[in-house]
Each structure stands twice: as structure tokens, then as C-alpha cells.
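Student: Have a look at this one before I ask anything.
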Amino acid sequence: MFFDRSRFPDKFTFGAATAAYQIEGNAKGNAGQNHWDTFAATPGNVVGAQNGARACDHYTFWQQDLDLMQAAGFDAYRFSTSWPRVQPDGRGAVNPEGLDFYDRLVDGVLDRGMDPYVTLYHWDLPLPLADKGGWCNRDTCAHFADYAEIIMDRIGDRVASTATVNEPWCISYLSHFLGQHAPGLRDIRATARSMHHILLAHGMAMSRLRQTGHDGLGLVLNFEPAQPADESEASARAAATQHAIYNRWFIEAVTRGKYPEEALLGLEPHLPQHWQDDMEIISQPLDFVGVNYYTRSLYEPAAEPAWPGTRSKQGPLKKTQMGWEVYPQGLEDILLWLSAEYVGDLPLYVTENGIALADRLEDGKIHDTERCAYITEHLQATANALSLGANIKGFFYWSLLDNFEWAHGYDKRFGLVHVDFKTLRRVPKFSYYMLQKALTNG
Ligand code: FCB
């Protein structure tokens, strides 16, 4: 049984999400390069050294893609603006073509009766800023606030919601400690600095946008329940440390102006001097918090002594094409935990949730029943959290289209719509039609 819209409040927003570098095709429209281009050009970082130069060529086919959104019956479209498309050097001169593109896109979303939900930074850091240390350099934060103002000057009058940054944990820890995303560092000092600076960038952009009269402002965080791999005390401690780093660091900073002790233990010596003075701008009032949720993780102690002294372990649950466990209960738990501990009545949105599958075209169709089940279960989890009092305003499926899945290249397919990366032909999957049926009562 697929989900039923009547379980959700009348004004509940259903949408789908994308991100600029994953779909647009960065080679078009005089966009500047970003650190994913060089990361991908370095052997071993991205499957097949693939990159976002062409992607789904949404830069050309955006109208067709918006038509697909509209025909599915979505209320809103979450997309990101590309910093290097708008400011190729990350500062100074603006690329007018880039701004025009987002201007047309926003009108296109509105013309089709949907609300535009914009994210200002979804990981495409302009190369000239990467050259100067990227998120390890405090100056990047001020440049980001300038860029935020430029974008919002142009489209802010028409967007329904604006998130400053997408997934600070990925931008900092995954990219500077685990080395899995650009810039591919594995350095604790770079990690601590980027974890702080990305929040400072958020805060500086928030103040700038408030000063220039914008509202509907927030940020998008990713969460993953960190659970002990076994019953031991040591695994419980490992899970608590990762919970502090992954789930608590960012939400605690923006809602309470502090960082969790368990994470400061390893990171504080590497934070920028006088970091405490930034906590006020980091923790200014938000209009919403976006929650990205995919899976859970199990932790146990690592063999080596260096902090955080944890390692993750494969769990026993059913896996997606990413190897991620399917764990819908975690979404309900995270939403309720956020409401109870941090946000109270502040609106929450599930800004991303989705599943990668090795979808195959058979007789021109993709019968992705597993995706339908995944969506149903996670909408069910969302509805449960709602009925238990969490103030959840919307749910966005990740993603509208199969796309450039970062270090995994084009191999991992999250889309409701299949994309043939040779011909760029779009074919809606069974899950798309199921959602369409539910959303349009068709
Ligand atoms: C999230 C990212 C998004 C996509 C999904 C699968 O972490 O925000 O761009 O890669 O994971």
C-alpha cells in the first residue's frame, strides 16, 4: 500500500530536491570551476574520474525537468544555486548568465504553481577560494555572505525558503577528516576549522540576509543515528562520540551557541583562536531547520589510539545500492529528538530522503518497487513524528533525477526519473508514477 496524502496536514509541502553541480552541467554558461572538478581529476577519488561538467545538462533541459516536477503534482522544488556559476572567482565579478539562469528557473518553478526552495551552497566551492584554503580560511565566510546577498538580491523576492548551506558535516568532517569528498583532506586541524567556519559562513550569510530584508531563512543538516555496534561500554562510548560529532555539533551550535563537550575533547585544540566570539552570530534565530536523512551507523572502538578512536561497522539490515542500511525508524527518532531537545516549535522539513538502486530499463520501464517501499516507510516515519507533536512542514524526495552522486560518479541512481547519461533522455520510474498518483489523487 503506497502512502496516503490524507495522513498529512492540508498545507504539508511535498517536493523533490536536486543540487546544482549534480545536475546542471558545469561546463555550460561560463560557470567557474570548483573543487569537485580537481578532486575528480585526481585518480582514485571519484569512480571513473567522472565529474559534473555535463551531468544531466539541466542547464539546457531545465524546463523539461520542471515540467516533470509539475506533472508529478509536487508543491515545491528544492534546488541549489552554484556559487562558481554566479561568481566564477568566488568573489568580485558576477557572471550575468549565471544569475539570469536562476532568475528564469525561479520564474519557471512559480509558473508551474510550485514554491522555489533554494539552497545557496551545496558543495561547489569556487576554485580560487579553494586555492586560498577553502573552508579552512575564515575569509571564505565573508565571501559567502557577499555571494548570498548577490543571489538573494536577484531571486529573494520570489523564493519561499532559503537554506544557507547543505550538510555542514559533509562539507567539513567527511571532506577534511575522512577525505571522501572534496577537498579530500585527512587532517584534524583542517576538520575543526572547517566545522567552525562553515557555521560562521551560515551565520554571516543569515545576518546579511536579515539586514537586507529577507526571511524564510535556515540551514540544512544531515543526521544519522549513531548506535553502539554491540553491548559493550566501549562501543557505547564510541557511539556517543560520533553522535556528538555528527548529530549534535551543528544543531547545538545554531540553536544553543555551543559545541558538545564530547566533540570538543578532540577538536578544541584545533579550532580558530577566539572561536567562542563567533557563537553569537552562529546561533541567531532561524526560521526553519532542514533535515536530511538516509540511514543509521553502528560504531565500535578503533584499534588505533588517536581521537576519536571509533570505527563504523556494517549493520545487518537490508542495504541500498550505496550499501546504506534501510532504517526508517531513525527518521522518526531524529525528528522527535530534534523537536524535544533543540527546535521546539520551529518548523522542520525533511529536505532530503531517498534511496539509490541499480535501476534497469526493461521494455522502456523501470519497475523500482523497492524505492516505492522506501518512500512509503519514510513518509510513514514522518507522519508518526508529526502525530507525536513534531512540527514538520514538508518532505522532499532526493532526488528528482539520477545524477552525479559525488565520489560514486553516475553509478548510483537516486532519481524518481531515470537519466540515460549518453542520450540524456529522461524516463520516469514506477516510483514517480506512484507518487504522482498519491499527490494528484489520480
Ligand atoms: C546527501 C547530499 C546529496 C546526495 C545525497 C545522496 O548527503 O546532500 O547531494 O548526494 O546525500
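The values are calculated or read from the model by the stated rules, or taken from the named source; none is laboratory data. Small disclaimer: the values here were computed from a predicted structure and weren't measured. We place every Cβ from the backbone using ideal geometry, glycine too, and count neighbours over all the protein chains shown. Areas reflect the complete protein model, heavy atoms only, side chains present, ligands, DNA and RNA absent. Shrake-Rupley method; radii C 1.70, N 1.55, O 1.52, S 1.80 Å.
Student: At a 1.4 Å probe radius, carbon and sulfur cover how many percent of the accessible area of the range 5-439? It would help to have the intermediate numbers written out before the result.
Tutor: On the way: 7850 of 16160 Å².
That share works out to 49 percent.
Student: Give me the mean projected area, in nm² to one decimal, of the convex hull enclosing the Cα positions of the range 69-193.
Tutor: Working: hull surface 31.9 nm².
Mean projected area of the Cα convex hull: 8.0 nm².
Student: For the range 339-442, what is the accessible area per residue in Å², given a 1.4 Å probe and the full set of protein chains? Please report the intermediate quantities before stating the final value.
Tutor: Numbers: 4030 Å² over 104 residues.
Heavy-atom SASA per residue in the range 339-442 reads 39 Å².
Student: With N set to the residue count of the range 311-413, report its C-alpha Rg divided by 2.2 N^0.38 Å to two decimal places. Walk me through the intermediate numbers first.
Tutor: On the way: Rg = 15.5 Å, N = 103, 2.2 N^0.38 = 12.8 Å.
Taking the Cα Rg and dividing by 2.2 N^0.38 Å, one obtains 1.21.
Student: Right, something else. Calculated FRET efficiency, Lys318 and Gln380, Cβ-Cβ r, R0 22 Å, to nearest 0.05?
Tutor: Numbers: r = 16 Å, r/R0 = 0.73.
The calculated FRET efficiency here is 0.85.
Student: Could I ask something else about it? How big, in percent, is the set of alpha carbon pairs in the range 1-154 lying more than 28 Å apart? It would help to have the intermediate numbers written out before the result.
Tutor: On the way: 3125 of 11781 pairs.
The share of Cα pairs beyond 28 Å in the range 1-154 comes to 27 percent.
Student: If you don't mind, another one. Which three extents, in angstrom, do the Cα atoms of the range 1-86 have along their principal axes, listed largest first?
Tutor: 49, 28, 19
Student: Can I ask one more? Please report, in debye to the nearest 20, how large the charge dipole of the range 50-140 is about its Cα centre when each Lys and Arg carries +1 at its beta carbon and each Asp and Glu carries -1 there.
Tutor: Working: 8 positive and 14 negative charges, 71 e Å.
Result for the range 50-140 is approximately 340 debye, rounded to the nearest 20.
Student: Could I ask something else about it? Compute the separation of the alpha-carbon centres of the range 116-142 and the range 26-71 and state it in Å as a whole number.
Tutor: With the range 116-142 and the range 26-71 each reduced to a Cα centre, they are spaced 17 Å.
Student: Hey, another quick one. If you average the C-alpha positions of the range 240-290 and of the range 321-345 separately, how far apart do those two centres end up, in angstrom?
Tutor: Between the Cα centre of the range 240-290 and that of the range 321-345, the gap is 19 Å.
Student: Percent antiparallel among DSSP beta bridges with both residues in the chain, to the nearest 5? Numbers along the way, then the final one.
Tutor: Working: 11 of 48 bridges.
Percentage antiparallel, nearest 5: 25.
Student: In whole Å, what three semi-axes, largest first, describe the equivalent ellipsoid of the range 197-284 built from its Cα gyration tensor (square root of 5 times each eigenvalue)? Display every interim value, and only then the final one.
Tutor: Values: eigenvalues 176, 49, 12 Å².
They are 30, 16, 8 Å, listed from largest to smallest.
Student: Please report the Cα spread of the range 370-442 along all three principal axes, rounded to whole Å, starting with the longest.
Tutor: Per principal axis, max minus min of the Cα coordinates gives 46, 33, 20 Å.
Student: Name the residue from Trp337, Gly409, Leu174 whose Cα lies farthest towards the positive end of the charge dipole of the range 5-439, charges +1 on Cβ of Lys and Arg and -1 on Cβ of Asp and Glu.
Tutor: Farthest along the dipole direction, towards plus: Gly409.
Student: Based on alpha-carbon positions alone, could you give the equivalent ellipsoid semi-axes of the range 236-309 from the gyration tensor, as √(5λ), descending, whole Å? Mind dumping the intermediate values first?
Tutor: Working: eigenvalues 119, 68, 11 Å².
Listed largest to smallest, the semi-axes of the range 236-309 are 24, 18, 8 Å.
Student: Using the heavy atoms of the protein chains and a 1.4 angstrom probe, tell me the accessible area per residue for the range 4-55 in square angstrom.
Tutor: Numbers: 2240 Å² over 52 residues.
Averaged over the residues of the range 4-55, the accessible area is 43 Å².
Student: Hey, another quick one. What does the charge add up to near Gln50, with Lys and Arg as +1, Asp and Glu as -1, over the other residues with Cβ less than 14 Å from its Cβ?
Tutor: Numbers: positive: Arg54, Lys412, Arg413, Lys422; negative: Asp37, Asp402, Glu405, Asp411.
Summing Lys and Arg as +1 and Asp and Glu as -1 gives 0.
Student: If you place +1 on the Cβ of every Lys and Arg, -1 on the Cβ of every Asp and Glu, and leave all else neutral, what size is the dipole of the chain about its Cα centre, to the nearest 20 Debye?
Tutor: Details: 39 positive and 55 negative charges, 118 e Å.
Once rounded to the nearest 20, the dipole reads 560 debye.
Student: Past the 20 Å Cα-Cα mark, which pairs from Lys318/Lys393; Lys319/Lys412; Lys318/Lys437; Lys319/Lys365; Lys319/Lys393? Can you show the working numbers first?
Tutor: Details: Lys318/Lys393 29 Å; Lys319/Lys412 13 Å; Lys318/Lys437 27 Å; Lys319/Lys365 23 Å; Lys319/Lys393 28 Å.
From Lys318/Lys393; Lys319/Lys412; Lys318/Lys437; Lys319/Lys365; Lys319/Lys393, over 20 Å: Lys318/Lys393; Lys318/Lys437; Lys319/Lys365; Lys319/Lys393.
Student: In deg cm²/dmol and to the nearest 500, what is the mean residue ellipticity at 222 nm of the chain if only DSSP H runs of at least 4 residues count, each as -39500 (n - 2.57), divided by the residue total? Intermediate values should be presented prior to the final figure.
Tutor: Details: 15 runs with 160 residues, N = 442.
Taking each H run of at least 4 residues, the total per residue is -11000 deg cm²/dmol.
Student: Accessible area, 1.4 Å probe, largest first: how do Ile155, Ile150 sort? List each step's numbers first, then the result.
Tutor: On the way: Ile155 0, Ile150 40 Å².
Final ranking, largest accessible area leading: Ile150, Ile155.
Student: What is the Å³ per residue value for the convex hull set by the Cα atoms of the chain?
Tutor: Per-residue hull volume (Cα only) is 136 Å³.
Student: So what are the three principal axis dimensions of the range 158-241 from its Cα atoms, in whole Å, longest to shortest?
Tutor: For the range 158-241, the Cα spread along each principal axis is 52, 26, 17 Å.
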